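Peer 1: Here you go, one structure.
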Amino acid sequence: MRRPQIGDVIEIPTASGLAYAQFTHKVPLYGHLIRVVEGMWRTRPQALEEVVNAPTRFFTFFPVAAALNQKIVNLAGNLPVPSHFASFPLMRKAGLEPPGGGKVDWWLWDGKEDRRIGALTPDQRKLSIASVVNDTMLVQMIESDWHPETDVRTNRSYDSVAPAANKHAADSAGPKAIDWYLYFSSREQADQAASTLRSDGLRVLIRPGATGGWTANMTAGRQPFQHSSRVRLVFGY
């Protein structure tokens, strides 16, 4: 079976038509980075340059090899990655939101190093969010016209933490928040779990483990997974 190659153009069938993405980079632990382009096609364009030169919808990590092998997506061809996308794109990662509200902890990532920035500037809101998605999530993002700047985490309030009196009332009225720490042997496993947890409304921060491996840290109620069948699938219970 042919291995994915940089420049591969993949065709993604959706309910709205054919979407396209190009495999641009391969990153240890994360895997294949694809650039999903704007637009839908009824049939495959004869000139794939039309696809690779289309505006960017978003970048995301996606298991290209597995999806091709299972015929979930199709290989449309291979073209050179446009020069302005040859370098790894600057991306962002979402951290934890403090209990009771407040600023979301955002980080910038250049493919090698993380840098904490706190709140986002208007330009940074447009940066792609570093995550690993499966085919179901990818199609859902395309069909719903999802963009990084419209993500629920992007548009979460950046206001300062609520006044102490209000926070005390809120704490007294509901269950206490608990910090959860989930441990994984690889960054890819941690990111896959984090993507699932975040899609269920949980706030997750991925960090290297103190003694190796990776942790997914989050603040949630006493039983954050009880209603999530997708999370049970991730963790095998």
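The values are calculated or read from the model by the stated rules, or taken from the named source; none is laboratory data. Just so we're clear, the structure is a prediction, and the values are computed from it rather than from any experiment. Don't worry about glycine lacking a Cβ; one is built from the backbone with ideal geometry, like all the others, and counts go over all protein chains shown.
Peer 1: Tally up the residues in the stretch 2-37 that are in contact with a strand residue (DSSP E or B) (Cβ under 7 Å, 6 or more places away or on another chain), under 23 Å from S144 (Cα atoms) and loosely packed, with under 14 Cβ neighbours inside 10 Å, please. Give the steps one after another, and end with the answer.
Peer 2: Applying the first criterion (in contact with a strand residue (DSSP E or B) (Cβ under 7 Å, 6 or more places away or on another chain)) to the stretch 2-37 yields 4-12, 17-27, 30-37.
From what is left, the residues that are under 23 Å from S144 (Cα atoms) are 9-12, 17-23, 32-37.
In the following step, the residues that additionally are loosely packed, with under 14 Cβ neighbours inside 10 Å were identified as none.
Count: 0.
Peer 1: Looking at this structure, is L79 in the same structural domain as Y30 (by TED's automatic domain parsing), modelled with pLDDT of 95 or more and touching a Pro at 6+ places or on another chain (Cβ under 9 Å)? Give the derivation first.
Peer 2: Numbers: in the same structural domain as Y30 (by TED's automatic domain parsing): yes; modelled with pLDDT of 95 or more: yes; touching a Pro at 6+ places or on another chain (Cβ under 9 Å): no.
So L79 does not fit the description; no.
Peer 1: Hey, can you tell me all the residues within the stretch 183-227 that are more than 24 Å from S128 (Cβ to Cβ) and at pLDDT 75 or above?
Peer 2: Just the residues of the stretch 183-227 that are more than 24 Å from S128 (Cβ to Cβ), to begin with: 183, 185, 209-213, 219-227.
Across the stretch 183-227, the qualifying residue is only S185.
Peer 1: Exactly one condition in (1) under 27 Å from G17 (Cβ atoms); (2) assigned to a loop (DSSP other than H, G, I, E, B) is not met by I142; state its number.
Peer 2: (2)
Peer 1: Across the stretch 73-97, which residue is surrounded by the most Cβ atoms within 10 Å (Cβ to Cβ) among those that are of a type in the set (A, V, I, L, M, F, W, C) and more than 30 Å from L205 (Cβ to Cβ)?
Peer 2: Here is the first cut: in the stretch 73-97, the ones of a type in the set (A, V, I, L, M, F, W, C) are 73, 75-76, 79, 81, 85-86, 88, 90-91, 94, 96.
Filter once more, keeping what is more than 30 Å from L205 (Cβ to Cβ): 73, 75-76, 79, 81, 86.
Details: V73: 22, L75: 15, A76: 19, L79: 16, V81: 18, A86: 11.
So the residue we want is V73.
Peer 1: Follow-up question, since we're still on this one. Tell me the residue from L138, L96, L120 that is within 19 Å of T196 (Cα to Cα) and modelled with pLDDT under 90, please. So that I can check it myself, show each step before the final result.
Peer 2: On the way: L138 fails: modelled with pLDDT under 90; L120 fails: within 19 Å of T196 (Cα to Cα).
The unique qualifying residue is L96.
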